[in-house]
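Worksheet for the structure shown next.
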Amino acid sequence: MKEIQKKIQELLAFNDIEPIYDFTQRGSDNPNTMDNIMKRQEEIQGELDDLAKGNNTILGRGIKFPMADSYAFYVVTKVNKKTVEVTSVRYGDAWQDERLGYCGNLKRGFAEKKIKGMDAIAEMFSAKKAQQV
């Protein structure tokens, strides 16, 4: 669990970086361009998902809520018996769900159902992609 907590902190550290939105720097090595930050966040979230699944927990799992042309992205930062705490990840446009704000609580069953649904969709698309190859 300590490894998961460490990765969560690594992911949330990006919330303190003001991304460079200058699209002329696309493809540059600058770690603070929006594209490079998002790429690194996706890598860390993938590592968190693998760690959480390996430890049979939802701690560290990501939850997305549709928002405008994108989504609000949260990471599970604490798991209780009946609730989970989620913290906003400043991803892309940094949308936040109006009910949760930066940090909030969800019913644990709701969070588990949402994560299970996201896993099913990811599995479906990976299976479809494998068929096309």
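All of the numbers you see were taken from the coordinates with simple rules; none came from a lab. Note that this is a predicted model, so its numbers are computed, not measured. Here Cβ is always computed from backbone atoms with ideal geometry, including for glycine, and neighbour counts include all displayed protein chains.
What to note about this one:
- Helix-only mean residue ellipticity at 222 nm for the chain, each DSSP H run of n ≥ 4 adding -39500 (n - 2.57), per residue, nearest 500: -14500 deg cm²/dmol
- In this simple spin-label approximation, Asp93 and Asp50 carry label points 7 Å from Cα along the Cα→Cβ vector, and these lie 3.1 nm apart.
- Two-site FRET efficiency, Met124 against Thr83, from Cβ-Cβ distance with R₀ of 25 Å, rounded to 0.05: 0.30
- Three principal axis extents of the chain based on alpha-carbon atoms, in descending order, are 47, 40, 32 Å.
- Normalised contact order of the range 2-132, rounded percent, pairs of Cα under 8 Å and 6 or more residues apart: 18 percent
- Antiparallel content of DSSP bridges confined to the range 2-132, in %, to 5: 95 percent
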